[in-house]
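Only one structure is covered here, and it is reproduced in the block below.
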């Protein structure tokens, strides 16, 4: 195990020397039994908010109209 720890430490040191730093990111646990229902709940809230935000809808429509050349 010491060999693995040494190799990991060396790799991390090299990344730090390259100007990087470690960051821990917490994400939702998709394995939870209530995950799908929570997604649906949040989608409903976003849908409700979107129907009242006409400025955002106009912005999104404008952004979608300006995609020429993105796939080339």
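We did not get these values from a lab; they are worked out from the coordinates using the rules stated. The structure displayed is predicted, hence computed values, not measured ones. Quick reminder, even Gly has a Cβ in these numbers, built from the backbone with ideal geometry, and neighbours come from all protein chains shown.
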(request) Select from region 44-59 the residues that are farther than 27 Å from residue 30 by Cβ and in a helix (DSSP H, G or I) and list them in ascending order. (result) 51, 52, 54, 55, 56, 57, 58, 59
(request) May I ask you to list the residues in region 24-43 that are surrounded by 10 or more Cβ atoms within 10 Å (Cβ to Cβ) and in a loop (DSSP other than H, G, I, E, B)? (result) 32
(request) Look at region 12-23 and say how many of its residues are in a helix (DSSP H, G or I) and either in contact with a helix residue (DSSP H, G or I) (Cβ under 9 Å, 6 or more places away or on another chain) or surrounded by 10 or more Cβ atoms within 10 Å (Cβ to Cβ) (or both). (result) 5
(request) For residue 63, state whether it is assigned to a helix (DSSP H, G or I), out of contact with any helix residue (DSSP H, G or I) (no Cβ under 7 Å at 6 or more places or on another chain) and surrounded by 10 or more Cβ atoms within 10 Å (Cβ to Cβ). (result) no
